[in-house]
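The values are calculated or read from the model by the stated rules, or taken from the named source; none is laboratory data. Source: prediction; values computed, not measured. Glycine gets a Cβ as well: all are built from the backbone with ideal geometry, and neighbour counts include every protein chain shown. All accessible areas refer to the heavy atoms of the entire protein, side chains included, with ligands and DNA or RNA removed. Shrake-Rupley method; radii C 1.70, N 1.55, O 1.52, S 1.80 Å.
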Amino acid sequence: SNRSNSEYILEPLSLPESPGGVAAVEESPSVPCIFCEECSPRAEQDQLLKHMIIEHKLVIADIKLVADFRRYILYWKKRFTEQPITDFCSVIRTNSEAPIEEQDNYFLLCDVLPEDRLLREQLQQKRLREILEQQQRERNDTSFHSICMFCDKEFTGNRSVLFNHMARDHAFNVGLPDNIVNCNEFLAALQKKLDNLQCLYCEKIFRDKNTLKDHMRKKQHRRINAKNTEYDRFYIINYLEFGKSWEEVQSEDDRELLDNVEEDWSDWEEHPVCAVCLFCEKQADTTEKLCLHMKEAHGFDFLKIKTEHGLKFYQQVKLVNFIRREIHQCRCYNCKEMFQSKTELINHMEITKHITFLPTKSTWDQPQYYFPTYENDTLLCTLSDSEDELTAKDQSEDVPVISEDLSDLEALRQSSVLNQLLREENSD
């Protein structure tokens with residue numbers, strides 16, 4: 001291979017398929033034992049793990065960090081038929097001081113084995129890719145249809161309309177709609193609790209619907225219980241670092257703040273956040289300035305490319321990471337010619353106009369480019385969907401601020417003193 005180690009990108013692992021094909025693997029509700037015909041439902045994986053320990057002496061380390069338990073088991077079931085178990089597992093001998101007949105050998109499968117670590121990483125990347133793609137579909141979905149769980153008002157269009165209504169009119173806030181994934185399941189889970197006369201926050205059961213509504217309003221329990229891990233799967237943050245909940249991620253951030261609490265901030269100066277050009281060291285404090293620079297200095301019109309190709313948010317992320325990587329490796333992203341320096345590369349790309357247009361979509365629209373080439377790439381933080389900008393602009397205008405409980409918004413509108421002022425204004 002001509003590729004260097006720093007450039008090499010691992011291809012997705014080929015996972016075993018059942019005779020029914022991929023669909024059968026996806027839809028099967030059970031998980032087989034690695035060694036025998038024993039099966040357990042997906043929801044009862046602990047039973048299968050217990051079976052493999054007792055019957056086959058196999059221990060799998062850190063199983064909660066495996067993103068797709070079924071595919072993980074299927075992979076090793078196939079591999080164990082190809083090579084001896086001792087090629088993959090460490091052997092742990094128990095009762096080593098006892099006579100031979102009383103000793104037991106257990107086999108430990110863990111990510112110390114490079115093949116196991118790679119499998120875990122690939123399954124995690126696959127899950128993250130699927131969840132991000134699902135989130136993107138929901139962000140763009142205009143066929144959403146649901147009824148408000150507090151006032152039975154009907155909403156169609158985009159999911160954000162319903163969430164914004166519940167936050168504004170009922171003080172029920174679950175965070176930004178863009179942070180939510182599997183929206184319909186989320187709403188169904190909340191509705192089920194209310195149908196069971198259960199408070200969404202303290203989770204107490206009440207005797208009737210009116211008592212529940214009064215309780216949630218008076219106690220300000222119109223929010224979800226953040227400690228309930230049932231909701232974790234509906235928030236994108238819980239998929240970013242597998243095995244860590246949003247609380248653990250947040251507490252790490254808080255710890256960093258606490259660790260620095262005694263530092264002297266007296267000479268601290270605020271500097272504008274600057275994004276760096278894709279092709280040179282030029283920095284700009286706004287996206288507009290940076291895009292103008294790339295267009296005038298290099299002939300790369302990012303805004304035009306974004307519009308012409310209809311690039312959604314995550315496609316823009318992948319494109320930026322792809323270009324960053326190619327430029328870092330001194331390789332033209334169109335003709336693939338390699339150069340000795342970045343200067344020579346940019347000179348070639350500008351002369352040949354290779355800088356002005358994109359290669360085929362399949363080259364850069366790949367899941368590996370969800371991940372930043374540079375971890376401090378501020379340009380990624382400034383990307384946005386065009387429709388998002390329009391929506392934000394529309395929503396920022398004429399937003400009423402009402403401090404009372406809005407369980408009967410129509411009655412409030414009709415009795416408001418503002419109606420009198422409007423009549424007087426119109427008569428003038």
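Pick out the one residue from GLU288, GLU326, GLU296 that is within 18 Å of CYS277 (Cβ to Cβ), open to solvent by less than 50 Å² (accessible area, probe 1.4 Å), out of contact with any strand residue (DSSP E or B) (no Cβ under 8 Å at 6 or more places or on another chain) and acidic (Asp, Glu). Lay out the reasoning, then the answer.
Working: GLU288 fails: open to solvent by less than 50 Å² (accessible area, probe 1.4 Å); GLU296 fails: open to solvent by less than 50 Å² (accessible area, probe 1.4 Å).
Answer to the selection: GLU326.
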Worksheet item: Any residue in segment 50-68 that is farther than 30 Å from TYR235 by Cα and small (Gly, Ala, Ser)?
Response: no
Worksheet entry | Close pairs from segment 284-300: first of a type in the set (Lys, Arg), partner at pLDDT 85 or above, Cβ under 7 Å, at least 6 apart | LYS295/ASP301
Practice prompt. Would you tally the residues in segment 50-68 being in a helix (DSSP H, G or I), at pLDDT 90 or above and of a type outside the set (Asp, Glu)?
Written response: 6
Worksheet entry | Residue ID - nearest to ALA171 (Cα to Cα), chosen from residues in segment 112-150 that are outside any helix (DSSP H, G or I) and open to solvent by less than 60 Å² (accessible area, probe 1.4 Å) | PHE150
Item to complete: Exactly one condition in (1) open to solvent by 70 Å² or more (accessible area, probe 1.4 Å); (2) modelled with pLDDT under 90 is not met by VAL276; state its number.
Response: (1)
Fill in: Members of segment 99-111 found to be in a strand (DSSP E or B), under 12 Å from ALA61 (Cβ atoms) and not aromatic (Phe, Trp, Tyr), listed by number
LEU108, LEU109
Discussion item. Of everything in segment 168-184, what is open to solvent by 40 Å² or more (accessible area, probe 1.4 Å), part of a helix (DSSP H, G or I) and at pLDDT below 90? Give them in sequence order.
Written reply: ARG168, ASP178, ASN179
Practice prompt. Say whether the condition of being at pLDDT 90 or above and in contact with a His (Cβ under 8 Å, 6 or more places away or on another chain) is met by at least one residue in segment 212-222.
Written response: yes
